[in-house]
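Written below as structure tokens is the structure these notes are about.
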Amino acid sequence: MYQYDTLDKAMVADRAAEFRGQVARRLSGELTEDQFKPLRLMNGLYLQLHAYMLRVAIPYGSLNPTQMRKLAWIGRTYDKGYGHFTTRTNLQFHWIKLRDTPDILDHLAEVDMHAIQTSGNCIRNVTADPYAGATAEEVDDPRVWAEVLRQWSTFHPEFSFLPRKFKFAITASPKDRTAARVHDIGLVMRRGRDGALGFEVIVGGGMGRTPYVGPTIREFLPVDQLLSYVEAILRVYNRHGRRDNKYKARIKILVAALGTEEFTRQVDAEWAKIGAEINLPDAEVARIRAAFAIVDFETLPSRSETFEAAKAASPALARFARNNLKPHKRPGYAIVEISLKGIGETPGDATSDQMEVVADLGERYGHRDIRVTHEQNLVLPHVKLDDVPAVWAALRDAGIATPNINLVSDIIACPGLDYCALANARAISIAQLIADKFRDPDRAENVGELKIKISGCINACGHHHVGHIGILGVDKKGEEFYQLTLGGSGAEDASLGAMLGPALPYDRVAGAVDTLVEVYLRERQPGERFLDTFRRAGVAPFKEAVYADAH
Amino acid sequence: MPTLIEMIDGSARSVDDGFVFVADDQDLPEGDLILTLSRFQTEGEVLLSQGRRVGVKLLADQEVEALAYDLPRLSVVALDFPKFGDGRSYSNARLLRERYGFKGQVRAVGDVLREQAGFLLRVGFDAFEPADGSSANEWQAAALRYRHVFQRAADARAPVYLEREA
Ligand code: SF4
């Protein structure tokens, strides 16, 4: 993993000191809340329904056990003993006191963490493939380029006051686990015909009230020109993006208004004028690359007798292995996904105790490497198959061995009405009701991959547009209603969901999902996921079943 | 009148503003002037020929490209911040310095707060009219708070990757 050097550390320390001064000015009354607001938002501090929320950055979702333990400790000391992992792979503390925040930032700085650019109209945390460095699918380690972008975008003097927030995703695998096509900029690494590395550059995807799957504006950008090219995109956006209406201010609106061709022309014209000195020198790229090379993998047989015997003895372990283990590029290793979607739990929440268990496992069995996925789960990317039984047992004891990765109960839900001032409706409890319907793990496994995503309002923080089943909270005369969409995807086959029919009241949503799943089980052909069946059969059979009793 | 702070070679000082800004509907006073873009385009030629020093104030939605041919004759370009969060003038400033090689003063006017000082300096501003009553000392401390920078901009500071090589 990338290690902060003294220069990286100094940046974080300077920021923490600056914020301490700003909080003191606020507490003494020198700053009004109006004046303080933009300053606290630059430090990831929001005022929510009940308390302050602090959003801690986890750059490209990658952290080490020391950092995880610190997050656990902060959760226990300053919050209610837990934290919430977000779809931006950050961690939020929802019950923070303003006067504690300078100390919290100092504690974070001790382990090279911070809340820089976790809010505000700036370049936010970059999403990278959570399997980076572990999957055999990738053509390069995308974390190298995510780190390049982290450094370039941190306190960028020209792009810290954009029309709106700005999010990058980067993946180097054909299987996209980052939702690259629904980001402001999605970068998909590939090799050119001559073997050189480059990026497909996708711009102007997004969710919110006007969702778009982003168009590709450059098929192949050589890697060494990444920074000059993204500077050109950001400059066109900074100058021409709308600032009169925050709902029309994301880059997707600019791209759509100009048209892909004209937008691309403007970017290329700007790029032609930007000097190559903006690009990072090869020596620095090499330094960063070296930081991500793990050298101490063991040479192991691809089959572990220990693991096979343990699975044979424990159906629960076998089930966990079927659903939560993913293939590793090295024989004898696995990628272990840890679901934060326990049945009846809040998606993405982890208690301080659970965080410490994961930290210990990462320390002992995982090369000190822990990842956060944008689907709000955790990953131990490098675990020996021999060690999987021990890892699983520890997770089970901590209540986080739920074997449901990518299954129907692995739901993304935004905070919704429980925390968020903008919400129309609850999202978390809808997720809990649905998960409860699929409590039987055999049934859930039989259903297979099914991505449900729930947002409490049109801002779409729960990514409902790209759910195989999307659920959107709407307000109908003061009552919570939910609009269902089908057929969305945030992956390499990205698409936006289509409306199922009239919105449903709160107590009918989980039953409707159950019905949708039954239709799928009836209609599916061999090998089809829910999404595939929907794409083949269309909305009609689903719609008919859900609204049958309305006729 | 707001104080004018100039920052040269890392040191900030309060200075008397030698320029007067004139709006479109105001009569022209004597002396050195900062004009709106449209007024500069109609009257700038005459004023310059009188031997006055002339500057132009660009609003956030006006682009420096409009001044490309006039820059060598201008002493000041003032760039407006209608709100703290409106970042368009950062791009204008950087282009003035990097693309057009403008050597005159680039001045930040409008909703200009201490918290922006470091960013402003890095994109090429060298004069500031703070709206928050900052003194020159406060401005300097804020502008230089960060000991390192991560990326190239319009200033001469070496990004961390060059410091690492050294
Ligand atoms: S989608 Fe709406 S309710 Fe949910 S977190 Fe975002 S703003 Fe809040």
Taking segment A:382-401 as the search range and keeping residues that are in contact with a Leu (Cβ under 7 Å, 6 or more places away or on another chain) and either of a type outside the set (Val, Ile, Thr) or within 14 Å of chain B (Cβ to nearest Cβ) (or both), which one is nearest to the ligand (Cβ to nearest atom)?
A:Ala401
Single residue of segment A:100-156 satisfying the filter (outside any helix (DSSP H, G or I) and among the aromatic types (Phe, Trp, Tyr)) that is farthest from the other protein chains (Cβ to nearest Cβ)
A:Tyr131
Residue among A:Asn424, A:Asn459, A:Asn404 that alone is in contact (Cβ under 8 Å) with a residue 24 or more places away in the chain and either within 14 Å of chain B (Cβ to nearest Cβ) or away from the ligand (no atom under 16 Å from the Cβ) (or both):
A:Asn404
Search result, residues across segment B:117-132 that are surrounded by fewer than 24 Cβ atoms within 10 Å (Cβ to Cβ) and in a helix (DSSP H, G or I)
B:Gly118, B:Phe119
Checking A:Ala431 against (1) more than 16 Å from the ligand (Cβ to nearest atom); (2) not in a loop (DSSP other than H, G, I, E, B), which single condition isn't satisfied?
(1)
Assess whether A:His84 counts as being closer than 21 Å to A:Ala350 by Cβ, more than 14 Å from every other protein chain (Cβ to nearest Cβ), in contact (Cβ under 8 Å) with a residue 12 or more places away in the chain and surrounded by fewer than 19 Cβ atoms within 10 Å (Cβ to Cβ).
no
Say whether the condition of being in contact (Cβ under 8 Å) with a residue 12 or more places away in the chain, in a strand (DSSP E or B) and closer than 26 Å to A:Ala146 by Cβ is met by at least one residue in segment A:252-263.
no
Taking the stated definitions as given, is B:Gly118 closer than 24 Å to A:Glu147 by Cβ and facing another protein chain (nearest Cβ under 9 Å)?
yes
Of the residues in segment B:133-143 that are surrounded by fewer than 17 Cβ atoms within 10 Å (Cβ to Cβ) and over 9 Å from B:Ile5 (Cβ atoms), the one that is farthest from the other protein chains (Cβ to nearest Cβ) is B:Asn137
What residue, of A:Gln225, A:Gln266, is assigned to a helix (DSSP H, G or I), within 14 Å of chain B (Cβ to nearest Cβ) and modelled with pLDDT of 95 or more?
A:Gln266
State all residues of segment A:434-456 that are within 7 Å of the ligand (Cβ to nearest atom) and either at positive phi or assigned to a loop (DSSP other than H, G, I, E, B) (or both); if no residue qualifies, say none.
A:Gly456
Name the helices (runs of 4 or more DSSP H) wholly within segment A:460-551 that hold at least 1 residues that are at pLDDT 95 or above and touching a Phe, Trp or Tyr at 6+ places or on another chain (Cβ under 6 Å)?
A:509-523, A:530-537
For segment A:435-488, give me each residue that is crowded, with 24+ Cβ neighbours inside 10 Å and among the polar types (S, T, N, Q).
A:Ser455
Taking segment A:269-278 on its own, how many of its residues are surrounded by 14 or more Cβ atoms within 10 Å (Cβ to Cβ) and part of a helix (DSSP H, G or I)?
3
Looking for whichever is part of a loop (DSSP other than H, G, I, E, B) and under 16 Å from the mean Cα position of the chain (by Cα) here; the options are A:Arg193, A:Arg177. Which one fits?
A:Arg177
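Conditions (1) in contact with a Cys (Cβ under 6 Å, 6 or more places away or on another chain); (2) within 8 Å of chain A (Cβ to nearest Cβ); (3) surrounded by fewer than 24 Cβ atoms within 10 Å (Cβ to Cβ), marked per residue:
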position	(1), (2), (3)
B:Pro72	no, no, yes
B:Gly85	no, yes, yes
B:Tyr90	no, yes, no
B:Leu95	no, no, yes
B:Phe102	no, no, yes
Which of (1) assigned to a loop (DSSP other than H, G, I, E, B); (2) without any contact (Cβ under 8 Å) to a residue 60 or more places away in the chain is the odd one out, the single condition A:Ala312 does not satisfy?
(1)
Scan segment A:321-339 and tell me whether some residue there is among the acidic types (Asp, Glu) and modelled with pLDDT of 95 or more.
yes
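The values are calculated or read from the model by the stated rules, or taken from the named source; none is laboratory data. Fair warning: this is a prediction, and the values are worked out from it, not measured in the lab. We place every Cβ from the backbone using ideal geometry, glycine too, and count neighbours over all the protein chains shown.
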